[in-house]
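Before any comments, here is the structure.
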Amino acid sequence: MQGTETPDAGTTRQTHGFQAEVRELLKLMIHSLYSHREIFLRELISNASDACDRLRFLAIADSSLLAADPELSIRVDADPTAGTVTITDNGIGMTREEAIANLGTIARSGTAEFFRSLPKDDQQASQLIGQFGVGFYSAFIVADRVEVHSRKAGAAPETGVRWESRAEGDFTVETLTRAERGTSVTLHLKEDAREFADAFRLRSLIRRYSDHIGFPVRMRKEGEASLEYEVVNQAKALWTLPRTQITDEEYRQFYQYLAHDFTDPLAWSHNKVEGKREYTSLLYIPGKAPFDLYQREAVRGLKLYVRRVFIMDDAEQFLPLYLRFVKGVVDSSDLPLNVSRELLQQEPEVEAIRSGLTRRVLDLLARLAKDEPEKYATFWKEFGAVLKEGIAQDQANEAALLPLLRFASTALPDNSPSASLADYLGRMQPGQERIYYVIAETLDAARAHPAIEALKARGLEVLLLAERIDEWVMGQLETYEGKRFKDAARGDLELGGLASEADKMRHDAELKESKGLLKRIKDSLGERVTEVRISDRLRESPACLVLGEHDLGDRLRRMLAAAGQKTPDARPLLEVNVSHPLVRYLDAIADAGQFNELAQLLYEQAQLAEGAVLANPPEFVLRLNRLLVRLSAGPQDGSPAASS
Ligand code: ADP
Ligand code: MG
């Protein structure tokens, strides 16, 4: 943090530059965030409420912190003549150092990357800013100058701090005497934002956005000279009310307050558990994934309260990692008030709440999928890949997770992931015993995968997968409703009762006829493949590679390699389509050099078709061109014409 002393003032006044990300954020907010300007009030009241929460928590251990002014509350004052709005709390307050650190930087990890990834178009960027959460800096959406006065709870009056900025890249701080504990934030409104100095407008915004925070918000009573204040919000934590007393709109507003989101949640679940253990939870499924959903250090978790007292944000112990997109509150009656993050990890009570909440979320998703499929499709698009992690992480809930999965499928006209496993079961053919799927780099490549040609030709449905974690996830799945999952590119197709007598006879005949050819190809390819055999997978393609049931797939191998792990080389087997003209042509080649070259091409194109990277692409191209030239020159030295 760069600071410069201005010696003449004699009051230790300092100027500091904002962190680069803050400058970026301020610029965006000032120039493009027009659509939700009123959110500044929600953000500042939310900070005031957090400050009260924190002090109440500290006061459990040291009640003297509250002594002089025990009722925690928030005040909003407007001065239409001066064009100012002031939000005051008697919460925890800040020291000078804290004001510099907290109001000059953004602590959230991944912030720099987030700003770098924002689109250059201001309009689009401002929409994304919503999911980032603008916090304190939202004051500058409506104000061209912001003043903060603060004193830390428990500190001496002469250690107050005054912070001020015009958002022009820097801010100043100076030490002040401040008698009252807590913080007041004064906004000097911009010309075009004067409407926010109107008491009537402020009241309605507070009722709309801050009705259900846990502290009273007071404003001056109506009437010119009134010095009396009255409470303008309900000041009852929303989750403590019975469900029947809460409207959908109130639930939505509370989500927006909690998640600092502009948009509505997709669904929520509000429950009170009573009996042996007692807790209340209010859980939300957001409508949009946050930018740091996949960042390891990203904060996640629920707001934890114990008997209405705020304990901590981001208590991640109450939900498994694969439900990290859930936002909400849990309020326990059984945990000790002095519970810390470390203690939470050992508390058996937490484990019990966690499994209860996990069930709640899975039930909520099941209900959404059943009653509001369109919203569920949105959910799946945003969070499906995260939910899938649950298949590997949470075997105990597999039965609840499987029906929530959605897939792209050969039975659907496009690549939208909308097939459920129940849909698949409903479309299975008589005698079909397996749920077929195939994984590729893209859904289009999966749909065209050589290994599923015969399945498609038989009218059998194949689920299509192309996400990074799919190989890992699908590897964990065994059965759904008694039907085994089957990777169509591994082992045998296991057609079971679907293969007719005629199929088997054809296979035997082909095998007899092609024994010599298969051996020649294997001899030619050597150790690159474990075996060369006749295929019952192929129709249009001449060859494909098949992995053993438990071999590491190519994608997973590359992922592990990228993470610096050594992996054993999995050697596939090569399946050939002996009725394909190219294979027939190969069979008739007498010249050993030409045979090797074409056998190698067959192998390489099978690699390419499944999205693998060739060991030596230029050589492949040379070989391919030699073959093309030879074919275009017509039959030579006894090779058959490629006439079939
Ligand atoms: P967040 O609330 O998500 O932490 P903000 O940008 O809203 O982010 O606020 C930044 C920080 O500034 C807070 O974490 C807090 O430390 C401090 N802060 C803001 N407002 C207050 C306040 N009224 N009282 C005490 N500290 C505050
Ligand atoms: Mg905040």
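No lab work stands behind these numbers, since they all come straight from the coordinates. Keep in mind that this is a model prediction, so the values were computed, not measured. Here the Cβ is made from the backbone with ideal geometry for all residues, glycine too, and neighbour counts use every protein chain on show.
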Item to check | Rough spin-label spacing in nm, given labels placed 7 Å along Cα→Cβ, for Asp523 and Ala289 | outcome: 5.2
Checklist entry - If you rank Tyr294, Tyr480 by fewest surrounding Cβ atoms within 10 Å, what's the result? => result Tyr294, Tyr480
Item to check | Relative packing of 583-591, 144-152, 337-345, which averages over residues the other C-beta atoms within 10 Å, highest first | outcome: 144-152, 583-591, 337-345
Item to check | Cα-based Rg / Dmax (Å) for region 142-196 | outcome: 13.0, 40
Next on the checklist: With a cut-off of 8 Å between alpha carbons and a minimum separation of six or more residues, what is the relative contact order of region 406-497 in percent?
Outcome noted: 35
Checklist entry - Can you tell which of Leu511, Gly553, Asn577 lies farthest toward the positive end of the dipole of region 500-578, using +1 and -1 charges on the Cβ of basic and acidic side chains (Lys, Arg; Asp, Glu)? => result Gly553
Item to check | region 406-497 - charge dipole about Cα centre, Lys and Arg +1 at Cβ, Asp and Glu -1, debye rounded to 20 | outcome: 200
Checklist entry - To the nearest Å, what is the center-to-center distance of region 15-57 and region 481-546, using C-alpha atoms only? => result 63
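Under the classification rounded if a/c is under 1.5, otherwise prolate if a/b is larger than b/c and oblate if not, where does region 536-583 fall, given a ≥ b ≥ c as square roots of the Cα gyration tensor eigenvalues?
Note, shape of region 536-583 comes out prolate.
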Next on the checklist: Can you give the FRET efficiency to the nearest 0.05 for Glu230 and Ala67, using r as the Cβ-Cβ distance and R₀ = 25 Å?
Outcome noted: 0.50
Checklist entry - What net charge do the residues around Gln395 carry, taking every other residue with its C-beta under 15 Å from that of Gln395, with Lys and Arg at +1 and Asp and Glu at -1? => result -2
Checklist entry - What whole number of Å gives the distance from the Cα centroid of region 282-338 to the Cα centroid of region 75-112? => result 24
Checklist outcome for this item: So, over other residues within a Cβ distance under 13 Å of Arg367, counting Lys, Arg +1 and Asp, Glu -1, the net charge is +1
Checklist entry - So for the chain, taking the charge dipole from beta-carbon charges (+1 Lys/Arg, -1 Asp/Glu), which of Gly356, Cys52, Gly482 sits furthest toward the positive end? => result Gly482
Checklist entry - Charges only on Cβ, +1 for Lys and Arg, -1 for Asp and Glu: so what's the dipole of the chain about the Cα centre, in debye to the nearest 20? => result 660
Checklist entry - Residue separation times 0.36 nm, minus the C-alpha to C-alpha distance between Leu608 and Asn271: what's the value? => result 116.0 nm
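Arrange the following residues from fewest to most other Cβ atoms within 10 Å of their Cβ: Leu205, Leu627.
Ranked by crowding around the Cβ, least crowded first: Leu627, Leu205.
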Checklist entry - Could you work out Rg/(2.2 N^0.38 Å) for the chain, with Rg from alpha carbons only? => result 1.28
Checklist entry - Counting Lys +1, Arg +1, Asp -1, Glu -1, what net charge surrounds Leu202 among other residues with beta carbon under 11 Å of its beta carbon? => result +1
Item to check | Cα gyration tensor shape for region 406-497, rounded if a/c is under 1.5, else prolate or oblate | outcome: rounded
Item to check | Cross-link table Lys375/Lys483; Lys515/Lys566; Lys483/Lys519; Lys27/Lys375; Lys236/Lys370; Lys152/Lys272, entries beyond 31 Å C-alpha to C-alpha | outcome: Lys515/Lys566; Lys483/Lys519; Lys27/Lys375; Lys236/Lys370; Lys152/Lys272
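Based on the Cβ-Cβ distance from Glu398 to Ala107, what FRET efficiency comes out when R0 is 45 Å, to the nearest 0.05?
0.75
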Next on the checklist: What FRET efficiency comes out for Leu627 versus Glu441 if R0 is 41 angstrom and r is the Cβ-Cβ distance? Round to the nearest 0.05.
Outcome noted: 0.95
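Length gain on complete extension for the stretch Asp144 to Thr159, per 0.36 nm per residue less the alpha carbon to alpha carbon distance?
Value of the extension gain: 2.7 nm.
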Next on the checklist: Give me the three principal axis extents of region 3-234 from the C-alpha atoms, as integers in angstrom, largest value leading.
Outcome noted: 50, 43, 36
Item to check | Theoretical gain in end-to-end length, Glu249 to Leu343 [0.36 nm per residue, Cα-Cα removed] | outcome: 30.2 nm
Next on the checklist: Between helix 501-525 and the chain, what is the angle of the helix's C-alpha long axis to the longest principal axis, kept within 0 to 90° and rounded to the nearest 10?
Outcome noted: 90
Checklist entry - Roughly how tilted is helix 348-371, in degrees to the nearest 10 and between 0 and 90, from the longest Cα axis of the chain? => result 70
Checklist outcome for this item: A correct fewest-to-most ranking of Val438, Val231 by other Cβ atoms within 10 Å would be Val231, Val438
Next on the checklist: Along the charge dipole of region 406-497, pointing to its positive end and built from +1/-1 on Cβ of Lys, Arg, Asp and Glu, which listed residue (Ser418, Ala446, Gly496) has its Cα farthest out?
Outcome noted: Gly496
Checklist entry - Which angle between 0 and 90 degrees, to the nearest 10, do you get for helix 122-132 versus the longest principal axis of the chain when only C-alpha atoms count? => result 80
